[in-house]
């Protein structure tokens, strides 16, 4: 888009290539909320595909599939920049807030400080299950989180899920996870449901990660339901089940780069 054309604005004129360089070096929010309101020409530059493609290139937001390009490069840029965990309270910092308890076992869920240091030192708490099955879930509304249906259907960004679990005490614990991509009617479109994992403290005194990436899942995904849980298989009573923390659901529009 860069050319020797000149943009007229009020009492002065700005060469187009200078204006583009200026916008590329301003905070993106300022370009959208301030610069594009100055005049028609500034708006055209602020809305141009070139500007946001160049920002993506400079900040290394690369397409996963070059045959599937975004219709709106500005939206693509901001979704890459604002990538985040869509689960609320994933590290038990707010007790059980944000989670829907589906099963509470005999002695219910609880929250404790981590016993074994987590790979991410910021993780200081975890959920703990009791004997008999404990399960909890969250339902993520993608449109409410900023991922509009057109973007999800056309671009189909990778959906990355992960979860950390650890055995409790000196008995066997069972861990399970169940993640569903749902359509508008909240009916399953795709499901990640691996076999339950049995973990002994004796051979696994460490945190283990479960992860999965949904790709090329087709149009129609509007919600994500994340469910996990576990139990103490020895049925000792009290809270001796599996420990869970740092659960994550992320929409990943771009290739991850170092």
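Read-outs throughout are calculated quantities, based only on the coordinates presented, and are distinct from any laboratory measurement. Keep in mind it's a predicted model, so treat the numbers as computed, not measured. With ideal geometry, Cβ positions are generated from the backbone for all residues, glycine too; neighbour counts draw on all protein chains shown.
Express in nm, to one decimal, how much length is gained between residue 97 and residue 37 on full extension, taking 0.36 nm for each residue of separation and deducting their alpha carbon distance. List each step's numbers first, then the result.
On the way: separation 60, 0.36 × 60 = 21.60 nm, distance 4.07 nm.
Stretched out fully, the residue 97 to residue 37 stretch lengthens by 17.5 nm.
Taking 35 Å as R0, compute the FRET efficiency from the Cβ-Cβ separation of residue 112 and residue 213 and round it to 0.05.
0.70
With an 8 Å Cα cut-off and a minimum separation of 6 or more residues, compute the relative contact order for segment 51-130 in percent. Each step should come with its number before you reach the end.
Values: 63 pairs, mean separation 18.7, N = 80.
Once divided by the residue count of segment 51-130, the mean separation gives 23 percent.
Where does helix 49-58 land angle-wise versus the long Cα axis of the chain, in degrees 0 to 90, nearest 10?
Rounded to the nearest ten degrees, it is 50.
Could you check the spin-label model distance between residue 64 and residue 81? Points 7 Å from the Cα along Cα→Cβ, value in nm.
2.2
For every helix of n ≥ 4 consecutive DSSP H residues, a contribution of -39,500 (n - 2.57) applies; sum these over the chain, divide by its total residues, and give [θ] at 222 nm rounded to the nearest 500 deg cm²/dmol.
Details: 6 runs with 48 residues, N = 258.
For the chain, the value works out to -5000 deg cm²/dmol.
Quickly rank 100-109, 241-250 as a protection proxy: mean count of other C-beta atoms within 10 Å, highest first.
With the highest mean Cβ count within 10 Å placed first, the list reads 241-250, 100-109.
Which number comes out as Rg/Rh for the chain once both Rg and the Kirkwood Rh are worked out on C-alpha atoms?
Rg divided by Rh gives 1.12.
If you count, for each residue, the other Cβ atoms within 10 Å and average over each peptide, how do 127-136, 185-194 line up from highest to lowest?
Sorting 127-136, 185-194 by mean packing, highest first, produces 127-136, 185-194.
Which translational diffusion coefficient, to the nearest whole µm²/s, is obtained for segment 6-81 from the Stokes-Einstein equation, given a Kirkwood hydrodynamic radius over C-alpha pairs, 20 °C and 1.002 mPa s?
164
Just want to confirm a number: the relative contact order over the chain, from Cα pairs under 8 angstrom separated by 6+ residues, in percent.
Working: 533 pairs, mean separation 60.2, N = 258.
RCO, the chain: 23 percent.
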